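Read through the structure below, which is laid out as structure tokens, and then see the notes.
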Amino acid sequence: MTSGSNRVLDDFARLMTDAAGVAQGARKEVETAFRSQAERVLNSMDLVQREEFEAVRDMAIRAREENDLLLARIESLETKLGGSTPGAAANEDEHGSTNA
């Protein structure tokens with residue numbers, strides 16, 4: 001009689017193991033389908049990936065730093081030339097300065 005109950009328990013354990021395997025496989029399929037659908041939705045929203053965003057942000061930071069350096073260089077050159085540039089004089093004439 002004990003071998004009969006052991007056999008039933010063994011069959012039950014095997015059944016539970018198989019059910020757990022099926023459940024795990026189903027879970028993986030659902031996760032894959034969900035990720036695929038989510039990726040499709042995100043792609044249709046025309047969003048950028050984080051790596052692309054960070055690359056463009058870094059380029060903008062470098063461009064801003066280069067602009068600041070060039071502005072400082074221009075100001076230095078203007079100071080060496082006496083503080084007046086041909087463009088500045090033309091702008092003053094257009095706006096009615098007392099050069100006339």
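So the values come out like this:
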{"read-out": "Enumeration of residues in segment 41-56 that are of a type outside the set (Val, Ile, Thr) and either touching a helix residue (DSSP H, G or I) at 6+ places or on another chain (Cβ under 9 Å) or surrounded by 10 or more Cβ atoms within 10 Å (Cβ to Cβ) (or both)", "value": "LEU42, LEU47, GLU52, PHE53, GLU54, ALA55"}
{"read-out": "Hey, THR2 surrounded by fewer than 10 Cβ atoms within 10 Å (Cβ to Cβ), modelled with pLDDT of 90 or more and not charged (D, E, K, R) or not", "value": "no"}
{"read-out": "Counted residues, segment 46-68 - those being of a type in the set (Val, Ile, Thr) and part of a helix (DSSP H, G or I)", "value": "2"}
{"read-out": "Qualifying residue in segment 1-16 (condition: basic (Lys, Arg) and over 18 Å from the mean Cα position of the chain (by Cα))", "value": "yes"}
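The values are calculated or read from the model by the stated rules, or taken from the named source; none is laboratory data. In this text, all values refer to a predicted model and were calculated from it rather than measured experimentally. Virtual Cβ from ideal backbone geometry, glycine too; neighbours counted across all protein chains shown.
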